[in-house]
Amino acid sequence: MSDAARKDIGDQAKEKITPDSQKSTTQKASETISGYADKGASALQPDSDKSFTQKASDSTRGAGDSAQDETTSYIDSAKKILGNAANSASETFSNAANAITSKAGETADSAKGTAGDAKKSTTD
């Protein structure tokens, strides 16, 4: 039994147990909307007006939401770290390629100069 204007605990359990692969897009959307509405009602309803089961449900959901937020935070941190590493590696390779290209150009210019000097001295 649920409190007035609250999502029934049995319905919540059924939604969690049923795999998303067995739900239609409409069902998923409906569950999401009713879940947000229930969270809002939970925040507005004082604990003193909640039944024991509703308090327990809200507490459990709060812990689950917190864990999900923490997991998302870890995933975002990992993405940021990997993105920075990829950018750093790309920059390093780019700098190395530029240095090699620059050195190759200097070597080619030096070789042309040496060849030109050698040709000049043979014609003198």
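Evaluate segment 58-79: report whether one residue or more is at pLDDT 80 or above, more than 30 Å from K7 (Cβ to Cβ) and either in a helix (DSSP H, G or I) or open to solvent by less than 60 Å² (accessible area, probe 1.4 Å) (or both). Steps first, please.
First, the residues of segment 58-79 that are at pLDDT 80 or above: 79.
From what's left, more than 30 Å from K7 (Cβ to Cβ): 79.
Okay, now just the ones that are also either in a helix (DSSP H, G or I) or open to solvent by less than 60 Å² (accessible area, probe 1.4 Å) (or both), so 79.
Taking every residue of segment 58-79 in turn, at least one turns out to be at pLDDT 80 or above, more than 30 Å from K7 (Cβ to Cβ) and either in a helix (DSSP H, G or I) or open to solvent by less than 60 Å² (accessible area, probe 1.4 Å) (or both).
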Residue in segment 33-44 that is of a type in the set (V, I, T) and either open to solvent by less than 100 Å² (accessible area, probe 1.4 Å) or more than 24 Å from the chain's Cα centre (by Cα) (or both) present: no
Cβ pairs under 7 Å, 6+ apart, first in segment 32-57 and in a helix (DSSP H, G or I), second open to solvent by 40 Å² or more (accessible area, probe 1.4 Å) and aliphatic (A, V, I, L, M): A41/A5; T53/I9; S57/I9
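The values are calculated or read from the model by the stated rules, or taken from the named source; none is laboratory data. Because the structure is predicted, anything quoted here is derived from the model rather than measured. Ideal geometry is used to build each Cβ from the backbone, glycine not excepted, and the neighbour counts take in all protein chains shown. To get the accessible areas, we keep the full protein, side chains included, count just its heavy atoms, and leave off ligands, DNA and RNA. Shrake-Rupley method; radii C 1.70, N 1.55, O 1.52, S 1.80 Å.
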